[in-house]
Amino acid sequence: MMNNFKVQKTGFDNAINARRIAFEDIKPLATRIINALIASGAPKLTIDDAKGVNKKLQGSTSNKNATEMTTTEGTESPKGISTSQQSYDRLKDHFANLIQILSQTAQYNPNENELKIPQLQARLGALESAKTSWIAAHTTFSNAINERNALLYHPETGLKAIALNVKVHVKSLFGSQSPQYKQVSGLKFVDSN
């Protein structure tokens, strides 16, 4: 059981690393795509649309920050609302939107192989694959955490409950002043929470 937990933790860590690597250079790639689109002679409105998607992908926002009013002890104060949209899901969606704009722009035909639409679509597939692998690893690891916690911390059958009962049993066998009880009485068992 504990070995399964360690295996699942390693698998989860590997999935996190693979996802991080898959998304690592998306932002610089998007900037290169925008520059290739500009160089292609695409219409200004198409370029503006692509730049808007790129701003979301880069995490930059307009000068206006979205705010809402929050009430704290009778006074209202503005509270910032996050608009960066930088989760892995949103980054993948923005990248997909950028590819969609490119695929509808006849002028976009860069010489660089990594900027061509089929390669960008393959890259999008790799992002989706990394995301899916992370979800599967997260689910498996969460289940392993639940199994481990049941083994260690179940109120009746967990290792903590058994250890506390052993301490009481040693105390009943040898007495509270015995060297045997003093050996185990100092052991502390705490929940993971």
What are the ³J(HN,Hα) couplings of segment 175-180, residue after residue, when phi is run through the Karplus curve with 6.51, -1.76, 1.60 and θ = phi - 60°? Round to Hz, x for glycine and proline. x, 6, 9, 6, x, 5
Once GLN121 and ALA18 are pulled to full extension, the length gained, defined as 0.36 nm per residue separation minus their Cα-Cα distance, is 35.2 nm
Using only Cα atoms, find the angle between the long axis of helix 44-58 and the longest principal axis of the chain, and express it within 0 to 90 degrees, rounded to the nearest 10. 20 degrees
Using Stokes-Einstein with the Kirkwood hydrodynamic radius over Cα pairs, what translational diffusion coefficient do you get for the chain at 10 °C and a viscosity of 1.306 mPa s, in µm²/s rounded to a whole number? 73 µm²/s
So what's the angle, to the nearest 10 degrees on a 0 to 90 scale, between helix 117-153 and the longest Cα principal axis of the chain? 10 degrees
Kindly flag which residue pairs out of LYS9/LYS55; LYS27/LYS116; LYS56/LYS116; LYS6/LYS171; LYS6/LYS27; LYS9/LYS92 have an alpha-carbon separation exceeding 23 Å in this structure. LYS9/LYS55; LYS6/LYS171; LYS6/LYS27; LYS9/LYS92
With label points set 7 Å from each Cα along the Cα-to-Cβ direction at ASP191 and HIS138, the distance between them in nm comes to 2.5 nm
Note down the relative contact order for the chain as a percent, whole number, built from C-alpha pairs under 8 angstrom at least six residues apart. 25 percent
Classify segment 121-193 as rounded, prolate or oblate from the Cα gyration tensor: take a ≥ b ≥ c as the square roots of its eigenvalues, call it rounded if a/c is under 1.5, otherwise prolate when a/b beats b/c and oblate if not. prolate
Rounded to the nearest 10 degrees, what's the angle between the helix 26-39 long axis and the longest principal axis of the chain, both from Cα atoms, 0 to 90? 0 degrees
Rank by packing, highest mean first: peptides 104-110, 49-55, 27-33, with packing defined as the count of other Cβ atoms within 10 Å averaged across residues. 49-55, 27-33, 104-110
Protection proxy ranking of 94-102, 113-121 - average other beta-carbon atoms within 10 Å, highest first: 94-102, 113-121
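The numbers here are math on the coordinates, done by the rules we state, and not lab data. All values reported here derive from a predicted model rather than from experimental measurement. All Cβ positions, glycine included, derive from the backbone under ideal geometry; neighbour counts span all protein chains shown.
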